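In what follows, a single structure is set out as structure tokens and then discussed.
The values are calculated or read from the model by the stated rules, or taken from the named source; none is laboratory data. Since the structure is predicted, the reported quantities are computational estimates derived from the model, not experimental observations. For neighbour counting, all protein chains shown are included, and Cβ atoms are generated from backbone atoms with ideal geometry for every residue, glycine included.
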Amino acid sequence: MVTLLGDLRRRLRAPGPPAAHLEETAELEPAPVPGREVELAAYAEDCRVFGFMRLTGERMSDTLNDATEYQLTDVMIVRLDDGLATQVMDLIVKRDEVLAVRASGPRGDPARRSRRRPYPVTLQTGPYVIHGYVHGLPGADPLQQIRRRKPMVPLTESWIEYRSGAQNHRARVGTILVNHELWDWIRLSRDEEIRLPDLPAETKPDPRAKDLTGHIRTEGSGW
């Protein structure tokens with residue numbers, strides 16, 4: 001797999017200070033409309049990517065599934081190997097470089113939703129292990145249903161595990177969209193594996209929080 005950092009290294013600025021301690025909230029922004037800018041937090045093979053993108057559909061999942069590449073602005077890239085952060089003004093990311101995206105924005109028109117049952121699953125995609133609920137039709141095989149859907153599949157009540165630098169991270173991410181074309185494996189899980197208590201929210205540097213030195217401004221408390 002071509003890594004995002006390896007493919008775009010020539011465009012990146014010199015790394016800044018470590019960003020793994022910055023606090024992130026899993027709360028959704030006020031419901032955007034198509035064309036409005038929303039926040040994006042993506043997981044790639046060798047880094048996490050934070051930035052802003054414009055919706056082209058009602059939901060973030062529509063935008064991610066309808067395009068094969070995404071235009072991001074005010075981008076911060078946090079490397080997994082050492083936790084250092086790099087800033088760029090704009091960046092085009094291809095869908096086949098994105099393993100997962102933490103969902104934000106509206107949930108779409110309630111009238112268009114069908115009756116679904118939540119199934120607990122655990123999966124691995126690159127360096128990330130993700131636990132959550134996939135929603136499928138009652139009585140059908142949920143894993144077979146996933147494979148027939150568009151690439152970016154939502155999991156709810158999710159939490160994620162990965163290693164960054166010398167630290168192991170476990171954090172709640174709420175709803176996360178996983179690229180089922182890129183995951184390594186998936187299995188049905190148990191409710192008790194999903195409902196782990198007292199996990200911190202995932203860490204997010206704010207791409208727009210800059211001071212005059214060019215360093216990242218920390219907000220909130222550390223882990």
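Scan region 42-78 residue by residue and report those that are over 24 Å from GLU181 (Cβ atoms) and surrounded by fewer than 22 Cβ atoms within 10 Å (Cβ to Cβ). Correct list: PHE52, THR73, ASP74. Can you run down the residue pairs with Cβ atoms below 9 Å, 6 or more apart or on separate chains, where the first is in region 131-149 and in a loop (DSSP other than H, G, I, E, B) and the partner is surrounded by fewer than 16 Cβ atoms within 10 Å (Cβ to Cβ) and small (Gly, Ala, Ser)? Matching pairs, first to second residue: LEU137/SER114. Residues LEU123, LEU182, LEU155: which one is outside the structural domain of VAL49 (by TED's automatic domain parsing), within 15 Å of the chain's Cα centre (by Cα) and not in a strand (DSSP E or B)? One residue alone meets the criteria, LEU182. Each residue in region 38-86 was checked for being of a type in the set (D, E, K, R) and touching a Phe, Trp or Tyr at 6+ places or on another chain (Cβ under 8 Å), and 2 of them qualify.
What is the number of the single condition among (1) at pLDDT 95 or above; (2) buried (at least 18 other Cβ atoms within 10 Å of the Cβ); (3) under 13 Å from the mean Cα position of the chain (by Cα); (4) not aromatic (Phe, Trp, Tyr) that THR203 does not meet? For THR203, the failing item is (1). Of all residues in region 160-187, those that are surrounded by 20 or more Cβ atoms within 10 Å (Cβ to Cβ), within 23 Å of MET60 (Cα to Cα) and of a type outside the set (Val, Ile, Thr) total 2. For GLU39, the requirement of being in a loop (DSSP other than H, G, I, E, B) and surrounded by 19 or more Cβ atoms within 10 Å (Cβ to Cβ) is not met.
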